[in-house]
Amino acid sequence: MTDILYGSAPSLFSGKARAYLDWKAVDYRELTPDQKVRDSIIMPAVGRMVIPVMQLADGAILQDTTVIIDHYEAASPSPSVYPQTPRQHLAALLLECYGDEWLVIPAMHYRWNYNEEWIFSEFGRSMAPDATPEQQAAIGKSVGERFRGFVPMLGINEQTVPAIEASYEALLADLDAHFSQHDFLFGSRPSIGDYGLIGPLYAHLYRDPASGEIMQRLAPQVGRWVERMVNVETPRSGQFLAGDEVPQTVLPVLQRMMSEQLPNLVRIAELMAEWGKACTDRELPRAVGMAEYALGDVSSARMATPFSLWMVQRATDYLASLKGQDLASCEALLHEVGGAALLDFPMPFRLKFEDHRLYRA
């Protein structure tokens, strides 16, 4: 039996998993889950309806794109999407966290405030390809309204929208400058950081028509990078830059992460510490309240998601594993991009993702 990716074209994280599987030359096929698959495979294994889900040839189920990627990296370690040198490795982990956990804000804003009617129909086409356009729109709307409901919980509102768009357009400019010089973040091979960015930048911000037009107009080199990521011409190819180089053109992206996302991560950690003192449960809830965040002069609040801390824990764990010159070079990188708070990040307790759930270890 061939491995199966249960995903869909409009799904942010399906886009991340698919791009990796294609580059890694994994033998798999992709299916959009119907009700039978949901009831007989995904729900019994995971306990909730979620995509993407990977069903291995032996029947085992993997859920979460980082878990999926790490499974295939362990099975076929070379060539790896994880750089082997310290600065590149740390930067790649951080940018995976940034793409997965922060760029969902512009991704959801542009999808639901620029592409709503289109995405309703797209959901319907994906789920019921043989239905009429009218039926597809109705089916898509019944599914899409659930996702639409997350928009305010992500801190997307009338006050924050101008700042979200300004931040996103500035990010596009920085990435456009970088991808005019490099095929991927750290050379001619995609890294785990590229896969963090591709989910939101492809499935929502390139593929959805209105936001896709914005990307192609403002940042055509970002569009070319998306196409390289999702239309893999030569699997398992390319090299990371020599000398552990983190290009100067990547630094503004890391600086944006540190100025926008890092304070929010610190606040989530504080809220999680309060939750941990008041609750003895091992399993973490989806959110532990609302955490303040700021974009420029605009402040709001968004769901305080412990999963974001699991993602950043991967980077802080890597930092903790370093010694000597390797550690010193990564510390210097963090100081350069405004990320010194990661050197003593206030994680209240360790997190562990197992059996498709997030727990305190």
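No lab work stands behind these numbers, since they all come straight from the coordinates. From a predicted model like this one, the values you see are computed outputs, not experimental measurements. All Cβ positions, glycine included, derive from the backbone under ideal geometry; neighbour counts span all protein chains shown.
Looking across the stretch 144-159 at every residue that is without any contact (Cβ under 8 Å) to a residue 60 or more places away in the chain and not in a loop (DSSP other than H, G, I, E, B), the one that is surrounded by the most Cβ atoms within 10 Å (Cβ to Cβ) is identified as GLY144. One residue stands out in the stretch 192-231 among those that are touching a residue at least 60 places away in the same chain (Cβ under 8 Å) and more than 20 Å from TRP112 (Cα to Cα): the one that is surrounded by the most Cβ atoms within 10 Å (Cβ to Cβ), namely GLY193. Go through the residues of the stretch 304-316 one by one and say whether even a single one is in contact (Cβ under 8 Å) with a residue 60 or more places away in the chain, of a type in the set (Lys, Arg) and in contact with a strand residue (DSSP E or B) (Cβ under 7 Å, 6 or more places away or on another chain). There is no residue in the stretch 304-316 that is in contact (Cβ under 8 Å) with a residue 60 or more places away in the chain, of a type in the set (Lys, Arg) and in contact with a strand residue (DSSP E or B) (Cβ under 7 Å, 6 or more places away or on another chain). Looking only at the stretch 31-49, residues that are touching a helix residue (DSSP H, G or I) at 6+ places or on another chain (Cβ under 7 Å) and buried (at least 16 other Cβ atoms within 10 Å of the Cβ) come to 2 in all.
The condition (being in a helix (DSSP H, G or I), among the β-branched types (Val, Ile, Thr) and over 27 Å from PRO79 (Cα atoms)) is satisfied by just one residue among VAL266, VAL226, VAL222, VAL253: VAL266. Give the residues of the stretch 273-298 that are buried (at least 17 other Cβ atoms within 10 Å of the Cβ) and within 21 Å of the chain's Cα centre (by Cα), sorted by residue number. The answer is LEU284, ALA287, VAL288, ALA291, TYR293, LEU295. Listed by first and then second residue, the pairs linking a residue in the stretch 318-336 that is touching a residue at least 60 places away in the same chain (Cβ under 8 Å) to a residue that is of a type in the set (Lys, Arg), with Cβ atoms under 8 Å apart and 6 or more places separating them unless they lie on different chains, are SER329/ARG87; CYS330/ARG87; LEU333/ARG87. Checking GLY196, GLY212 one by one, the residue that is closer than 28 Å to SER300 by Cα, assigned to a helix (DSSP H, G or I) and touching a Cys at 6+ places or on another chain (Cβ under 8 Å) is GLY196 and no other.
Residues of the stretch 100-126 that are over 29 Å from ILE192 (Cα atoms) and of a type in the set (D, E, K, R): GLU116, GLU117, ARG125.
Of all positions in the stretch 178-191, none carries a residue that is buried (at least 22 other Cβ atoms within 10 Å of the Cβ), under 22 Å from THR305 (Cα atoms) and hydrophobic (A, V, I, L, M, F, W, C).
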